[in-house]
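*Asks:* Can you read through this structure? Questions will come right after.
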Amino acid sequence: MKFKRQIFAIILIFAFILNGLFLLADDPAGDPGSPAVRGSENAIYLNGQAGNDDENGLTPEEAVKTFAKAKELAKNNSDITQIIVTGTANLEGDISLKDLNVKILRYKDFNDYLFCIPEGKKAQLSDIKIDGNSENNPNIVKSLVIVNKGATLNITEGTVLRNNKIKIIKNTRTFGGAVFAKSSTINMTGGIIEHNSAINGGGICLHRSTLNFSGGKVNNNKADRVTDESVTPYQHYLAGGGILANKGSTVKMSGAAEVSNNFSHEVGGGISLGSRIWEYGDNYLYMEGGLIQGNTAGATGGGIMIQARYFNGGSSKAYISGGKILNNKTDRSGYTDNAFGGAGIYVNGATKEWGGNGELYLKNALITDNSAKFEGAGYAACPISKTEVYLTEGAAIYGNKTSEEARDIYIYSDLNYGLHSGEPPFKISEYMLGGQSYNWKFAEKSFESLEGTLPNEKFLGLYTNETGNKLTEQLTKVIISGNESATRGGGIGSNGTVIIGKDEEPIEISVTKVWEDSDNKDGQRPAEVEVKLSANGSDTGLSLKLNEKNGWTGKFEGLPKTADGVEIVYTIGEAEVSGYTVAITGDVVNGFIVTNKKTPSETPTTTTTVPTTTTTDPTTTTTVPTSTVTLPHPTPSYSFTVPTETVKAPVPTVHTEVTTPQIPATGESSKSYVLGISTLGLLMAVILLRRKVH
């Protein structure tokens, strides 16, 4: 009996041990690597200066040194959701957190750069979120990323650089809320830079650097204002809510690049070429595509600011041949002189004694539906400006809105205008892009000339009631529309030099009508015919009405000879004239001759018809439906037809679903086995106990 009790005790102990092991294996709280043991903050700490990759990264004191190690630790533990940077880390090669639910975060007490691209190195960011944690750190003084001399940073899809708001420091400029590039290159093909701020370049600041920008967004960033009281007179620093290109930098913008909804308290809400102070190095913008939209400046250049050259410092030049500049604003909240605000684009200037003008070269532009509080809702320029608007590759400027008569173009002359005093030279085309005549009307008391030098205290004020034609639509590559200035220059404001199009003499094409109808013997000649003009095979919307009053002759005038350097091929056509055949001879140089010949009267004849049997093969006609698409405002609402195909729905296929038995996940079968043994042990103990009782 004693032996049985011993066996019973052993079995009972064995059962409880097995059961305890089973429960422990099923309880994650017992894992030393679980959050319950490690702590509630699911983070790896990274310190590129004082960290050590032999550490576990679980606390700021145990931070790792490299991004690669931090990523490895995060990858091996699905509970990790943050990599917190406590010291600047170097980056090189492909930097990505793809497929990991992890973001980079600035430590609440760390204020320097989060990442550095070392001199001459290259790094690519993709599928990674880097957050400045501004809501928990009011003392940030540096960018998220600095790109050093000779280095390259590629910003691609899935990258987000955000929420890094550099604090305002008295008398001090700060640079690049998200990225600060020094003598280096940034290639941005995707990603988002948003909700960052600095004094110079709320999103990106370039010093002697190049930004190749073909995709992605720079939006909702801000250039804060700081007043420097250490100099006399006081200086207000800030420029470039989205991007500042300074000290000899270049921005190349194309494709799907977007700069939107950024703000600057002074100049350059979207992009600023040059800051507000004298610095060495020429700055350039080459815009071949992309979108600059919804940006605001307190003074000048809501969308784009082009700074002047002061003394022997650098100048700024913009070459814009493609893209859209839409719905930008100047709100007159800045300290800078904003009389010619330039909501879409502003070009600053300086007299020769002080330096020289900033320069804008614009091609193939439609400037329409912009607004201003005062004159020049389309274009406005001050006394030290220089303005040239040509037909070839020029602009169509119409439909701009202000209460003043000089709503489309306004240029002012004054020798008593302080540092901006002058008598501006100007030359304005009679024809808009596409060859449509402006039929300019001069505002009351306006200087009535389209070319010359504007005399002191005079102004040139122009408006038109015409609109563009189909050729205008075909040639337009830049749209400046929907911009709003609290002063002048809704589309473009200028103190500097603005050249729109190129100086090429327009051509004219003569057309002569010849009738071969025995001097209208039958009296069937129409009183008037219409001849239409085509360019490169497409209707221009231009036409001539020929009649006896004008001697059956006319001219197409004010036509561009070339487009993008290639000669335009012009042809003509005539609407059908009943009872006449038409023949067109001649060419653009010598003029076209349109000959209408009377169709001979038909003579009755007797016709013998031989019966025949015709076999016709059946044919099937497929009709392709069409749908009309209208471009949204503020883009001009041109409509076009897009063919669509009718697709026959496929015959449903019946699938027989085969259910495959599921293999238990690792640990499931073993847990069941242990549970079974422990249960069996308990059962045996109960049986022995009952035998003892009986």
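The values are calculated or read from the model by the stated rules, or taken from the named source; none is laboratory data. Small disclaimer: the values here were computed from a predicted structure and weren't measured. Counting neighbours? That spans all protein chains shown, and the Cβs are built from the backbone with ideal geometry, glycine included. Surface accessibility is based on the protein's heavy atoms, side chains included, excluding ligands, DNA and RNA. Shrake-Rupley method; radii C 1.70, N 1.55, O 1.52, S 1.80 Å.
*Asks:* Per-residue counts of other Cβ atoms within 10 Å, averaged by peptide: what ranking do you get for 240-247, 183-190, highest first?
*Replies:* 240-247, 183-190
*Asks:* For a label point 7 Å from the Cα of residue 282 along Cα→C-beta, name the residues of the range 354-369 whose backbone N is under 14 Å from it.
*Replies:* What the label zone holds, given the 14 Å backbone N cut-off, is 356-361.
*Asks:* Oh, and also: Stretched out fully, how many nm does the piece from residue 467 to residue 171 gain, at 0.36 nm a residue minus the Cα gap?
*Replies:* 101.5 nm
*Asks:* Give the long-range amide H neighbours of residue 89: residues separated by 5 or more places, or on another chain, with amide H under 5 Å away, using H modelled in the peptide plane at 1.01 Å from N.
*Replies:* Here the answer is 48, 115, 116, since their amide H atoms fall under 5 Å of that of residue 89.
*Asks:* Under 17 Å Cα to Cα from residue 217, which aspartates and glutamates show up? Leave out anything in the same chain fewer than 8 places away.
*Replies:* Candidates past the 8-residue exclusion: 127, 131, 157, 194, 258, 288.
*Asks:* Here's something else I'd like to know. Under a 1.4 angstrom probe, counting protein chains only, how are 194, 61 ranked by accessible area, largest first?
*Replies:* Largest accessible area first, the list is 61, 194.
*Asks:* Which part of the range 376-417 falls in the paramagnetic zone of residue 332, meaning amide N under 13 Å from the point 7 Å along Cα-to-beta-carbon?
*Replies:* Within reach of a label on residue 332: 403.
*Asks:* Something else now. Between residue 361 and residue 42, what is 0.36 nm times their sequence separation minus the Cα-Cα distance? Round to one decimal in nm.
*Replies:* Length gained, residue 361 through residue 42: 109.5 nm.
*Asks:* Taking a cut-off of 16 Å between Cα atoms, list the aspartates and glutamates near residue 532, but don't count ones fewer than 8 places away on the same chain.
*Replies:* 508, 557, 574, 576, 587
*Asks:* What is the range 195-269's relative contact order, in percent, from Cα pairs under 8 angstrom and six or more apart in sequence?
*Replies:* The normalised contact order for the range 195-269 reaches 41 percent.
*Asks:* Using R₀ = 51 Å, calculate the FRET efficiency as 1/(1 + (r/R₀)^6) where r is the Cβ-Cβ separation of residue 430 and residue 256; round to 0.05.
*Replies:* Efficiency at R0 = 51 Å is approximately 0.90.
*Asks:* Amide H to amide H, which residues 5 or more places from residue 129 or on other chains are under 5 Å from it, using H placed in the peptide plane?
*Replies:* Here the answer is 104, 160, since their amide H atoms fall under 5 Å of that of residue 129.
*Asks:* Cα centroids of the range 392-436 and the range 465-508: how far apart, whole angstrom?
*Replies:* Cα centres, the range 392-436 to the range 465-508: 10 Å.
*Asks:* Which GluC sites (Glu not before Pro) in the range 440-546 pass both tests, a DSSP loop state and at most 13 other beta-carbon atoms within 10 Å?
*Replies:* Listed in order of number, the matching sites are 444, 448, 457.
*Asks:* Something else now. So, for the range 287-435, what is the accessible surface per residue at a probe of 1.4 Å, expressed in square angstrom?
*Replies:* Ligands and nucleic acids excluded, the figure is 30 Å² per residue.
*Asks:* Here is a follow-up. Can you give the extra length, in nm with one decimal, that the chain gains between residue 512 and residue 62 once fully stretched, where that is 0.36 nm per residue apart less the Cα-Cα distance?
*Replies:* Residue separation times 0.36 nm, minus the Cα-Cα distance, leaves 153.0 nm.
*Asks:* I would also like to ask the following. Give a residue-ordered list of calculated ³J(HN,Hα) values for the range 161-175 (Karplus: 6.51 cos²θ - 1.76 cosθ + 1.60, θ = phi - 60°; whole Hz; x for Gly, Pro).
*Replies:* 10, 8, 6, 10, 10, 6, 6, 7, 10, 3, 6, 10, 8, 10, 9
*Asks:* State, to one decimal in nm, how far the label point of residue 532 lies from the label point of residue 354, with both points 7 Å from Cα in the Cβ direction.
*Replies:* Result: 5.3 nm between the two label points.
*Asks:* Could you pull out the trypsin sites (Lys or Arg not before Pro) across the range 298-355 that fall in loop regions by DSSP (anything but H, G, I, E, B) with no more than 11 other Cβ atoms inside 10 Å?
*Replies:* Passing sites in the range 298-355 are 352.
*Asks:* Right, here's the next one. Express the relative contact order of the range 267-326 as a whole percentage, based on alpha carbon pairs under 8 Å and six or more residues apart in sequence.
*Replies:* Relative CO of the range 267-326 lands at 48 percent.
*Asks:* Enumerate the calculated ³J(HN,Hα) couplings along the range 373-385 in order (Karplus 6.51 cos²θ - 1.76 cosθ + 1.60, θ = phi - 60°), each rounded to whole Hz, writing x wherever the residue is Gly or Pro.
*Replies:* Those phi angles translate into 6, 10, 6, x, 5, x, 8, 9, 9, 9, x, 9, 7 Hz.
*Asks:* Can I ask one more? So what does residue 543 come to for accessible area, using a 1.4 Å probe and Å² rounded to 10?
*Replies:* Spelled out: residue 543, probe radius 1.4 Å, area about 50 Å².
*Asks:* Between residue 108 and residue 94, what is the label-to-label distance in nm when each label sits 7 Å out along the Cα-to-Cβ direction?
*Replies:* Placing both labels 7 Å along Cα→Cβ, they lie 3.7 nm apart.
*Asks:* So the label point goes 7 Å from the Cα of residue 141 along Cα→C-beta, right? Which residues of the range 159-173 then have their backbone N under 18 Å from it?
*Replies:* It comes to 164-173, nothing else.
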